[in-house]
Amino acid sequence: MKVFCATDTNYAELTHVMLYSLIANSRSALSQIHVFGWNLSEQISKNFEELAPGLIFVHRLRDVPNILEPIRFRIIDMVPTWLRLAAPDLIPADDENLLYIDCDCIVDRDIGELAALDMGTKLFAAVADFAEAKHPAWLERLGLPPGTPYFNAGVMLFNHRLYQTGGWSLRAVETTLADPLRLKLHDQDVFNLLVAGDWLRLPNSFNAHASSALTKRGDGSELFEDAHIIHYVGKR
């Protein structure tokens, strides 16, 4: 399984910790790790590569990839977030699954079973977003039917070859251009629009996340105790 993430200087330390945890818990399942760094220094890039020489490949980007150029106006202040749309096209595809992990995650158990997951004709596999009470308003904003399943994009398994050969990066850009003002949750909204509920649901343990209100009360600890990947979303 290939893995990728996207980061910049502000998130370099978080990314380093995420990568360390990934390698420590799932080394045998990994064939390549691609780090897309927006304006990273040479030293930070070297620090990433030295975590696992020959396994980690750092792509130091100084400009927006060509495929994203049409939506530069939308993404320039948060390029690493939007790189998810294009990164699968920048990595050679084969029959391996491609996993994206946010840099504000910790891998706490072996995630090797995702390498062998048969995705069939599904473009993505992901975990349902926790903010269910907000979903009706989000779906209405995006023009999706009520009840459409909506996933959190912090951990996404790509059907890599299908994504590349189907031109899905271009479709994602076109979706963004069609009505950028409705994309309040950025590329996460774009990905959910692309598949409109037709995605493969992963167990919650592969993207264990909870609202700030929930964690403030001390609730939901059982979710994190058995998590494969803990995702630190929210203010807390």
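Nothing in this text is a laboratory measurement; each read-out follows from the coordinates by a stated rule. This one's a predicted model, so the numbers in the text were calculated from it and none came from an experiment. We place every Cβ from the backbone using ideal geometry, glycine too, and count neighbours over all the protein chains shown.
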Practice prompt. Would you mind calculating the gained length between Leu117 and Arg182 on full extension (0.36 nm times residue separation, minus the Cα-Cα distance), in nm to one decimal?
Written response: 20.1 nm
Discussion item. Which order do the peptides 166-178, 96-108, 189-201 come out in when sorted by mean C-beta neighbours inside 10 angstrom, highest first?
Written reply: 96-108, 189-201, 166-178
Worksheet item: Per the Kirkwood definition applied to all pairs of different Cα atoms, how many angstroms is the hydrodynamic radius of region 144-202?
Response: 12.2
Worksheet item: So how do 80-88, 50-58 stack up, highest first, on mean other-Cβ count within 10 Å?
Response: 80-88, 50-58
Worksheet item: How far, in nm, would the chain grow between Ser41 and Ser221 when pulled straight, counting 0.36 nm per residue and subtracting the alpha carbon separation?
Response: 61.0 nm
Fill in: Order by protection proxy (mean Cβ within 10 Å, highest first), peptides 145-151, 11-17
11-17, 145-151
Worksheet item: Pairs Lys2/Lys184; Lys2/Lys134; Lys2/Lys46: which are spaced more than 31 Å apart, C-alpha to C-alpha?
Response: Lys2/Lys134
Response to the item:
Expressed in Å to one decimal, the Kirkwood Rh of region 9-73 from all distinct alpha-carbon pairs is 12.9
